[in-house]
Amino acid sequence: MKEETTRGSPEATASAVDNAFPDGEAVGPYAFVKQGCLVVRHRPEGPYPVVVPCPGVRLIVNGRECIQPTPVSMKDTVRVETVEERREGKWSVTVSSDGLQAILQMRPTVVVHRELPDLPPARILQLSVVEQEECLPPLTWDELLQELSRLGINYGIDWEACSRSVTSCAEEEVIVARGIPAEPGKDGRVELLFSSNPRVPVLAEEDETVDFRKRYVFTSVEAGEILAVKHPPESGHPGTSVKGEVIMPPSPRDFILSVGEGAVLTSDGERAVAARSGRPAASRWRNMVKVSVLPELVHAGDVDLASGNIVFKGDILIAGNVTERMAVEAGGNVRVGGLVSGARVQATGSILIRGNILSSVVIAGRVPAFLQRMLPQVHALAVGLQEMIMAIRQLLGHPAFKQGDLKGGIGPLVKLLLEGKFRHLPAAANTFKKQVETMPPGMAAEGLEEFIREVERALVRSPLAVRELQEIETLARRAGEWEQVFAFSPSAESDVVASSVHNSTVIATGDVRVVGSGCYISQIQAGKKVTVSGVFRGGEIQAGGDVHVGELGSKGGATTRVVTGPAAVVTVGYAFENALVLVGGLTVLIKGKKMSDCGWIKKGI
């Protein structure tokens with residue numbers, strides 16, 4: 001806002017002119033300014049001098065303001081007034097979005113003072129002014145205190161900064177109050193004390209005979225060894241905003257250490273210990289780490305009618321053969337000392353077959369699918385309840401919190417949190433309940449329905465009825481236990497290694513290696529690489545990675561295909577006519593040449 005005031009000069013008259021020139025040495029016409037007065041001189045009959053006004057000056061002749069060049073005479077009553085200008089400053093106090101700063105923004109008040117300088121005589125006198133700016137503080141101490149009070153700013157006020165601000169004439173931003181930021185905690189973690197790689201391959205030179213007993217060295221532990229250590233999360237410390245409000249730190253992430261078969265937890269739940277000798281394994285699902293010790297089942301003879309099918313959760317070692325119409329299923333690795341004929345061998349881990357695969361199906365690696373759709377809700381309850389416990393503890397321990405407000409229990413605090421940061425928990429509880437209700441009869445585990453009723457009571461129907469923090473802690477512990485029941489670990493990259501393959505299907509999530517004479521009229525699917533040291537005649541190879549074949553196709557022209565992704569490298573020692581290779585959708589038809597002669601071996605083709 002701009003305001004203007006005027007400051008005048010004495011009227012210029014003929015007597016003033018006479019006093020200015022007592023000797024009458026000049027007759028004009030001319031006018032000049034002396035000591036803030038306009039003096040005019042001319043002959044009685046004229047002509048008259050002309051005065052030109054300028055911004056910041058008001059020229060008043062005979063009571064009328066003139067804004068254009070104006071002739072003046074000694075008989076006129078002339079008054080010259082300078083105009084002073086005032087531009088009001090501005091100021092405001094704002095609170096930052098995180099509530100940790102109160103910021104005073106100021107622009108000072110500016111007063112422009114103007115004076116009329118002395119000007120020499122001239123027939124056409126151009127008036128001018130001399131300006132001087134004065135800056136003033138835009139606010140007072142009382143105004144600042146009233147604004148801080150109106151905004152509720154009562155914590156961390158910097159009184160020294162406030163005092164400087166009310167006397168400052170600069171355009172600036174000043175932080176007049178600072179809160180205390182919340183100190184974040186540290187996430188928990190689970191430390192594994194064994195190698196996460198279940199097997200370490202023993203590489204052999206190209207000219208060496210493959211010794212299946214030494215193809216891999218499996219990680220193993222003895223009973224009593226510590227497998228994993230849980231490091232609990234460390235809670236942060238609440239902060240305080242400039243309005244005195246409590247700022248809660250983000251909840252640190254906690255991890256659940258659980259055990260499967262062959263392992264036990266210590267009484268404090270912070271260590272997993274091997275209960276038997278075997279192969280340690282760990283799986284992770286979001287914030288849960290499950291540690292197990294898988295044993296190895298040793299079958300000394302053949303898998304036949306006398307033994308029946310073998311189904312085992314751990315590793316299986318078969319000294320003999322797997323015969324026709326028999327099945328072997330393992331939750332770990334499978335090693336077969338003989339051949340697999342007319343049978344089915346399936347394992348979550350890798351499969352090593354010393355002999356041949358004849359008219360069989362061999363599958364290494366699988367993706368379990370046990371109630372996958374229920375896991376997001378169980379996980380949300382397990383994590384959310386743990387975070388709610390931390391939030392309640394921090395609020396109860398804060399000095400600004402009044403313990404007397406919760407004489408009837410912590411129900412009001414639980415309800416407040418459910419309506420704020422944890423509003424997703426009631427929705428997760430309702431969804432989880434509906435999913436359990438739609439499960440096939442008899443599929444729900446014992447105790448699951450009771451758990452759902454307790455969760456629904458505390459989070460949906462009657463949160464105000466919660467009295468003790470222990471009720472929420474019990475629900476959180478049980479939610480973590482049910483998450484362990486429903487959790488699954490995606491399959492690792494599992495390999496198949498065999499001597500030769502005849503009229504069979506071999507599937508692996510990892511690599512497939514045929515180290516003997518080769519493959520005949522078979523289907524091979526691998527998530528990674530396929531290596532056939534000998535021939536591949538009739539059938540198809542599908543690989544997610546590189547493919548190496550010693551000899552591809554046959555003289556009889558049996559349909560033989562290799563299909564890979566666009567980034568794969570396909571290496572073929574010799575290819576017969578009509579062998580087909582597809583790399584990333586690009587087809588190469590072979591006409592009976594060594595691949596090196598074709599200049600065809602390259603990445604991505």
Worksheet item: In region 246-262, which residues have a backbone nitrogen under 19 Å from the label point lying 7 Å from residue 284's Cα in the Cα-to-Cβ direction?
Response: 252-260
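Work out, step by step, the length gained on full extension between residue 225 and residue 87: first 0.36 nm times the residue separation, then minus their alpha carbon distance; give nm to one decimal.
Working: separation 138, 0.36 × 138 = 49.68 nm, distance 8.13 nm.
Here the segment from residue 225 to residue 87 would lengthen by 41.6 nm.
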Discussion item. Probe of 1.4 angstrom, ligands and nucleic acids ignored: what's the accessible area per residue over region 22-82, in square angstrom?
Written reply: 52
Discussion item. What does the C-alpha gyration tensor say about the overall shape of region 456-589? Classify as rounded when a/c is under 1.5, otherwise prolate if a/b is larger than b/c, or oblate.
Written reply: prolate
Worksheet, complete the sentence: With x for Gly and Pro, the residue-by-residue ³J(HN,Hα) of region 72-81, computed from phi through the Karplus equation 6.51 cos²θ - 1.76 cosθ + 1.60 at θ = phi - 60° and given in whole Hz, is 10, 10, 5, 7, 6, 9, 10, 9, 10, 10
Discussion item. For region 131-149 and region 267-336, what is the centre-to-centre distance using only Cα atoms, to the nearest Å?
Written reply: 81
Discussion item. Skipping prolines and chain starts, which residues have an amide H placed within reach, meaning under 5 Å, of the one on residue 172, given they are 5 or more residues away or on another chain?
Written reply: 106
Worksheet item: Where in region 26-106 are there GluC sites (Glu not before Pro) that are in a DSSP coil and have at most 12 other Cβ atoms within 10 angstrom of their Cβ?
Response: 45
Fill in: 157, 351, ranked by accessible area, largest first (probe 1.4 Å)
157, 351
Response to the item:
With x for Gly and Pro, the residue-by-residue ³J(HN,Hα) of region 110-115, computed from phi through the Karplus equation 6.51 cos²θ - 1.76 cosθ + 1.60 at θ = phi - 60° and given in whole Hz, is 10, 10, 9, 8, 10, 10
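For region 464-557, run through the trypsin sites (Lys or Arg not before Pro) and keep only the ones in DSSP coil with at most 16 other Cβ atoms within 10 Å of their Cβ.
467, 528, 555
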Worksheet item: What whole-number value in Å² describes the accessible area per residue of region 102-174 for a 1.4 Å probe?
Response: 59
Discussion item. If I ignore ligands, DNA and RNA and count only protein heavy atoms, how much of residue 276 is accessible to a 1.4 Å probe, in Å² to the nearest 10?
Written reply: 70
Item to complete: Report in % the part of the accessible area of region 53-207 that belongs to carbon and sulfur, leaving out ligands and nucleic acids; probe 1.4 Å.
Response: 49
Item to complete: Give, in whole angstrom and from largest to smallest, the semi-axes √(5λ) of the equivalent ellipsoid of region 104-147, with λ running over the eigenvalues of the Cα gyration tensor.
Response: 41, 8, 6
Worksheet, complete the sentence: The set of residues whose placed amide H lies less than 5 Å from the amide H of residue 334, leaving out same-chain residues fewer than 5 positions away, is 316, 350, 351, 352
Discussion item. On a 1.4 Å probe surface of the protein chains, which of 187, 76 comes out largest in accessible area, and what is the full order?
Written reply: 187, 76
Worksheet, complete the sentence: Flagged as over-length at 24 Å C-alpha distance, from 290/313; 230/407; 186/433; 186/290; 290/434, the pairs are 230/407; 186/433; 290/434
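The values are calculated or read from the model by the stated rules, or taken from the named source; none is laboratory data. All values reported here derive from a predicted model rather than from experimental measurement. No Cβ is skipped: glycine too gets one built from the backbone with ideal geometry, and neighbour counts run over all protein chains shown. With ligands, DNA and RNA removed, areas are computed over all heavy atoms of the protein, side chains included. Shrake-Rupley method; radii C 1.70, N 1.55, O 1.52, S 1.80 Å.
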